[in-house]
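A.B. asks: Structure provided below as structure tokens; questions to follow.
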Amino acid sequence: MKDLDSLDLFSYQCGVIDAFNEVVKAGVKRIALSHPVSTREEALSLVPFSEKICAQYGNHFYFDENPLLTDLFPISLNKGKFNIIYYRKEEDIQLYLSLKEKKKQLIESDNYHGQARKEIAVTFGQLLSYSDEAIERYLAENKEKEIV
């Protein structure tokens with residue numbers, strides 16, 4: 001068995017994309033995220049495969065150059081990274097985009113703290129189809145939060 005360092009990263013990413021699109025099609029997840037990548041070029045290299053897989057599963061994708069950062073995940077996981085979001089229903093990607101806008105407005109009005117900040121993270125977790133218990137666990141375990 002090969003260790004993780006010897007895997008072809010592009011092929012690995014494609015496998016993740018395929019698997020996540022299958023669970024989105026099955027309705028297990030409302031949206032799914034590709035693994036974040038560090039460069040725009042790397043993310044764009046995944047677009048042709050994303051187009052093919054989404055067509056196969058009847059899904060859609062959104063190329064996100066500025067991923068939503070919440071307390072759900074360590075900040076270093078997504079800050080300054082690129083991501084592709086897979087979804088089936090237009091309302092789900094619209095909810096994602098509205099969450100990004102709501103967070104932006106909360107920051108601009110100096111209200112991105114306390115319950116409002118937690119609600120952004122919780123709603124994001126729900127959109128990812130995480131259980132309430134998983135969301136609370138992710139929030140509790142995350143010791144690397146965004147400083148705003």
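The values are calculated or read from the model by the stated rules, or taken from the named source; none is laboratory data. This structure is a prediction, so every number in the text was calculated from the model and none was measured. When we count neighbours, we look across all protein chains shown, and the Cβ atoms used for this are built from the backbone with ideal geometry, even at glycine. The protein model used for the area step is the full one, side chains on, heavy atoms only, and it has no ligands, DNA or RNA in it. Shrake-Rupley method; radii C 1.70, N 1.55, O 1.52, S 1.80 Å.
A.B. asks: Report the semi-axes of the equivalent ellipsoid for region 28-91 in whole Å, largest first, where each axis is √(5λ) for an eigenvalue λ of the Cα gyration tensor.
C.D. replies: 20, 15, 8
A.B. asks: Then there is this: Please state the Cα pair-distance histogram of region 18-148 with 10 angstrom bins from zero: what percent is in each bin?
C.D. replies: 13, 42, 36, 10, 0
A.B. asks: Can you pull the one-decimal nm distance between simple spin-label points at Asn66 and Glu108, each 7 Å off the Cα toward Cβ?
C.D. replies: Result: 1.1 nm between the two label points.
A.B. asks: Using the beta-carbon distance between Ala116 and Ile75 and R0 = 30 Å, what value does 1/(1 + (r/R0)^6) give for FRET efficiency, to the nearest 0.05?
C.D. replies: Working: r = 18 Å, r/R0 = 0.60.
That pair, Ala116 with Ile75, gives E of 0.95.
A.B. asks: Taking a cut-off of 17 Å, what percent of all Cα-Cα pairs in region 76-148 are separated by more than that?
C.D. replies: Every Cα pair in region 76-148 considered, those over 17 Å come to 51 percent.
A.B. asks: With a 1.4 Å probe and every protein chain left in place, tell me how much accessible area Asp18 has, in Å² to the nearest 10.
C.D. replies: Counting only protein heavy atoms, the figure is 50 Å².
A.B. asks: DSSP loop (so not H, G, I, E, B), at most 15 other Cβ within 10 Å: list which trypsin sites (Lys or Arg not before Pro) in region 1-109 pass both filters. Working shown, then result.
C.D. replies: Numbers: sites: Lys2, Lys25, Lys29, Arg30, Arg40, Lys52, Lys79, Lys81, Arg88, Lys89, Lys100, Lys102, Lys103, Lys104; in loops: Lys2, Lys29, Arg30, Lys79, Lys81, Arg88, Lys89.
Those satisfying the criteria are Lys2, Lys79, Lys89.
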